[in-house]
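> I have a structure here, written as structure tokens, and I will follow up with some questions on it.
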Amino acid sequence: MNTKYIFITGGVASSLGKGIIAASLAKLLQARGLRVTIQKFDPYLNIDPGTLNPYEHGECYVTEDGAETDLDLGHYERFLGVYTSQANNVTTGRIYHTVITREREGAYLGKTVQIVPHITDEIKRRMLLLGQTGDYDVILTEIGGTVGDIESQPFIEAMRQLRWELPENDTLSIHLTLIPYLKAAKELKTKPTQHSVQELQSLGVHPDIIVCRTEKELSPEIRHKIALFCNVRPGHVIQSIDAWSIYQVPLNMEDEQLDRLAAERLGITWLPQPNLDALKDFLARLINPSGEVDIALVGKYVELQDAYKSILESFVHAGAACSCKVNVHPVHSEHIDEGNVGTVLEKMDGILVAPGFGGRGLEGKIVAVRYARENGIPFLGICLGMQMAVVEFARNVLGYTDAASTEVDPDTAHPVIDMMEDQKKTTIKGGTMRLGAYKCRLAEGSLARRLYGCDEIAERHRHRYEFNDAYRAEMTAAGLSVSGSNPETGLVEIIEIPSHPFFIATQFHPEYKSTPEKPQPLFTGFIRASIARREQGKGKASGNRDASDPR
Ligand code: GLN
């Protein structure tokens, strides 16, 4: 079978969940035995989202191979359980960079370099790249942005050309739109969808399937109307109704037969029924929790849900694994200090201090760590959260009141967190951090080793600063243990406080690899510890963990 290409565009409005629809369809095709991957083409000029502020574009998702990518790749990995890579996320910036570099090399032999054909050829080359590896039966390509944007036009044009160049049965175009409900008129409105499809058609692309995001059921009449005015077959108007969980969407799409329609249109006729047992199991646990916990997420981008997407999803996975509803309470680290920390965090069963960059809100993170440490509240620190746990320990246990990370205080007398040696040479900001998966050896008898159930792991990174080894002996003697480190370089990856009920922090980002079917062990351990604390009754003095404790 030839590799099949499914293109997904969006219309009417942004944030309709193209990534979730793409991931859901991919999940269904995968569950029917096909080898599937998803790629995202983003129409902005940054080479990758690594240099973007989370307020601009949400979380920057890091792949195993160290690519800084769009957060939709996180959804793809969580839905499919397979790793993506640099090749799965391409921006306009990357396309132009390649073309302009080639132009400087003289590769265009004196020709005028233009959007069509040079930019579109480069887009097409990249659209086909993963398909040419022979590793996949189906490649889904999500085109970022909304049809009608100037920015996404070259991508749509490249897609139009590919639809024309590849055999007819090898490509499929899905357009996701919004069907707004007008309360006053008590009516669902199809006009914006009609206009969006017209816009797409004016660019030369005819959608095969229209997926309609809606808050109310679409009646057969409405579906018929959309089909008629948008010139698609009546059965090819699919409803995507607001779901209680994003992980329910694949099942909704199965009910709507999106996968069957797509496969038929692509000439794939031999597919078995999808096996979605593991997903259904997960959803059953998610919808019927037997308890709940309150977790504080202390960070500085908390106003924006998407900034901590993978962390929030990891809580969903861990909660389901523990049959527990996890209520995540965003706590703005700029709004906590020694004076109010008790009031803000007292009702929490667990405290997570989030990753981040720069000095804003840093002191609040340190205050939150201290509160967790001194009150025996389960604590999980991630990346900057781990670094601030080290700073807090140095300040309040070792007594180095000026201890800091050199990221914010380059002249501190106690640089307990310092820039990694190889980072000191880099001046370029984009793509130069310590990125991607590195091994980490887990110390015998540690909480980390118990949670992971093995002695070596590989987790993903995104940082420039590290634990300063010069303070290791002193910190260890005072009760902070290093329970994970890089086997080759010795870089400190995990710290714990063994005398605390659950205090663990990692230089790496455990959240990137959590999936519904494989919840992340540190997150499940953290939730179990938070449940235990809640059951013991809040505010109770902390006790030592006994060796048989499964946490
Ligand atoms: N700013 C810190 C560093 O670069 C932490 C990064 C992070 O939290 N991802 O090391």
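> Across the stretch 419-461, which residue is surrounded by the fewest Cβ atoms within 10 Å (Cβ to Cβ) among those that are polar (S, T, N, Q) and within 24 Å of residue 46 (Cα to Cα)?
That would be 427.
> Looking at 100, 38, 21, 6 in this structure, which one is more than 25 Å from residue 308 (Cα to Cα) and surrounded by 24 or more Cβ atoms within 10 Å (Cβ to Cβ)?
6
> Let me ask you something else. What's the number of the only condition in (1) within 16 Å of the ligand (Cβ to nearest atom); (2) surrounded by 24 or more Cβ atoms within 10 Å (Cβ to Cβ) that residue 526 fails to meet?
It is condition (1) that residue 526 fails.
> Among the numbered criteria (1) at pLDDT below 95; (2) open to solvent by less than 60 Å² (accessible area, probe 1.4 Å); (3) of a type in the set (Val, Ile, Thr); (4) over 22 Å from the mean Cα position of the chain (by Cα), which one does residue 293 miss?
Residue 293 satisfies every listed condition except (1).
> Please verify whether residue 309 is surrounded by fewer than 23 Cβ atoms within 10 Å (Cβ to Cβ) and part of a helix (DSSP H, G or I), treating the condition exactly as stated.
yes
> Search the stretch 138-163 for residues being open to solvent by 10 Å² or more (accessible area, probe 1.4 Å) and among the small types (Gly, Ala, Ser), and hand back the single one that is farthest from the chain's Cα centre (by Cα).
The extreme case among them is 148.
> Considering each of 86, 30 in turn, give the residue that is free of Cβ contacts under 8 Å to residues at least 40 places away in the same chain, open to solvent by 30 Å² or more (accessible area, probe 1.4 Å) and of a type in the set (S, T, N, Q).
Answer to the check: 86.
To keep it simple, each residue is scored yes or no on (1) in contact with a Phe, Trp or Tyr (Cβ under 9 Å, 6 or more places away or on another chain); (2) closer than 23 Å to residue 528 by Cα; (3) not charged (D, E, K, R).
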| residue | (1), (2), (3) |
| --- | --- |
| 432 | no, no, yes |
| 439 | no, no, no |
| 442 | yes, yes, yes |
| 448 | no, yes, yes |
| 456 | no, yes, no |
| 460 | yes, no, no |
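> With respect to the numbered conditions (1) in contact with a strand residue (DSSP E or B) (Cβ under 8 Å, 6 or more places away or on another chain); (2) open to solvent by less than 10 Å² (accessible area, probe 1.4 Å); (3) touching a residue at least 60 places away in the same chain (Cβ under 8 Å), which one is the sole condition not fulfilled by residue 314?
(1)
> Quick one: count up the residues across the stretch 473-509 that are assigned to a loop (DSSP other than H, G, I, E, B), open to solvent by less than 20 Å² (accessible area, probe 1.4 Å) and among the charged types (D, E, K, R).
Total satisfying the criteria: 0.
> Have a look at 474, 407, 392, 444 and point out the one that is out of contact with any helix residue (DSSP H, G or I) (no Cβ under 6 Å at 6 or more places or on another chain) and within 25 Å of residue 311 (Cβ to Cβ).
407
> For the stretch 384-418, which positions are open to solvent by less than 10 Å² (accessible area, probe 1.4 Å) and among the charged types (D, E, K, R)?
Across the stretch 384-418, the qualifying residue is only 392.
> Residue 325: of a type in the set (D, E, K, R), surrounded by fewer than 20 Cβ atoms within 10 Å (Cβ to Cβ) and closer than 24 Å to residue 78 by Cα, yes or no?
yes
The values are calculated or read from the model by the stated rules, or taken from the named source; none is laboratory data. In this text the structure is predicted, and so the values were computed from the model without any measurement. Please note: Cβ atoms are built from the backbone with ideal geometry, for glycine as well, and neighbour counts cover all protein chains shown. The area values use the complete protein model at the heavy-atom level, side chains included, leaving out ligands, DNA and RNA. Shrake-Rupley method; radii C 1.70, N 1.55, O 1.52, S 1.80 Å.
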